[in-house]
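Comments concern the structure below.
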Amino acid sequence: MSVSENIKRATIEMLILSLLAEQDMYGYQLCEELEKRSKDQLILIQTSIYPILSRMKKKGLVSCRQELVGKRRTRVYYHLEPLGEEHRQAIKKEYFSLHAGIVKILETVQGNSKFF
């Protein structure tokens, strides 16, 4: 897996876990919140979130429960587990450290001092 894929994966995990830190959510709801809160800058295809959630469930970062919606339809809600909160904090710390380092380097490169 490439470096950029690892960064994307960790970032998406961090964002999903952060949303779940606020409240339990189902897959489609997570996608909608990511899109809304990023002001349409981060659009995650609904089908791509389920493998991520499944991987996080296998790691013990999240758990899930099913709720009946209507008469026959069920919805799977994901819940942040204590291990998931620890993982979220670790990823968040690494992310901000990496971001700060990148900003420092870009500020020293001639012509890039006003890249924001």
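The values are calculated or read from the model by the stated rules, or taken from the named source; none is laboratory data. In this text the structure is predicted, and so the values were computed from the model without any measurement. Using ideal geometry, Cβ is built from the backbone for each residue, glycine included, and neighbour counts are taken over all protein chains shown. Side chains included, ligands, DNA and RNA excluded: accessible areas come from the protein's heavy atoms. Shrake-Rupley method; radii C 1.70, N 1.55, O 1.52, S 1.80 Å.
Numbers below:
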{"read-out": "Selection status of E35, without any contact (Cβ under 8 Å) to a residue 12 or more places away in the chain, out of contact with any strand residue (DSSP E or B) (no Cβ under 7 Å at 6 or more places or on another chain), among the acidic types (D, E) and open to solvent by less than 60 Å² (accessible area, probe 1.4 Å)", "value": "yes"}
{"read-out": "All positions within the stretch 13-32 that are of a type in the set (D, E, K, R), modelled with pLDDT of 95 or more and either within 17 Å of S54 (Cβ to Cβ) or open to solvent by less than 40 Å² (accessible area, probe 1.4 Å) (or both)", "value": "D24"}
{"read-out": "Failed condition for I45, given (1) open to solvent by 30 Å² or more (accessible area, probe 1.4 Å); (2) closer than 15 Å to G84 by Cβ; (3) in contact (Cβ under 8 Å) with a residue 12 or more places away in the chain; (4) of a type outside the set (F, W, Y)", "value": "(2)"}
{"read-out": "I91 being open to solvent by 60 Å² or more (accessible area, probe 1.4 Å), touching a helix residue (DSSP H, G or I) at 6+ places or on another chain (Cβ under 9 Å) and not in a loop (DSSP other than H, G, I, E, B)", "value": "no"}
{"read-out": "Hits in the stretch 62-88 - residues which are within 14 Å of I16 (Cα to Cα), without any contact (Cβ under 8 Å) to a residue 24 or more places away in the chain and open to solvent by 70 Å² or more (accessible area, probe 1.4 Å)", "value": "E86"}
{"read-out": "Residue list for the stretch 2-42, restricted to those being farther than 21 Å from E86 by Cα and among the β-branched types (V, I, T)", "value": "V3"}
{"read-out": "Search result, residues across the stretch 1-47 that are over 28 Å from I102 (Cα atoms), over 11 Å from the mean Cα position of the chain (by Cα) and part of a helix (DSSP H, G or I)", "value": "E22, G27, Y28, Q29, E32, Q46, T47"}
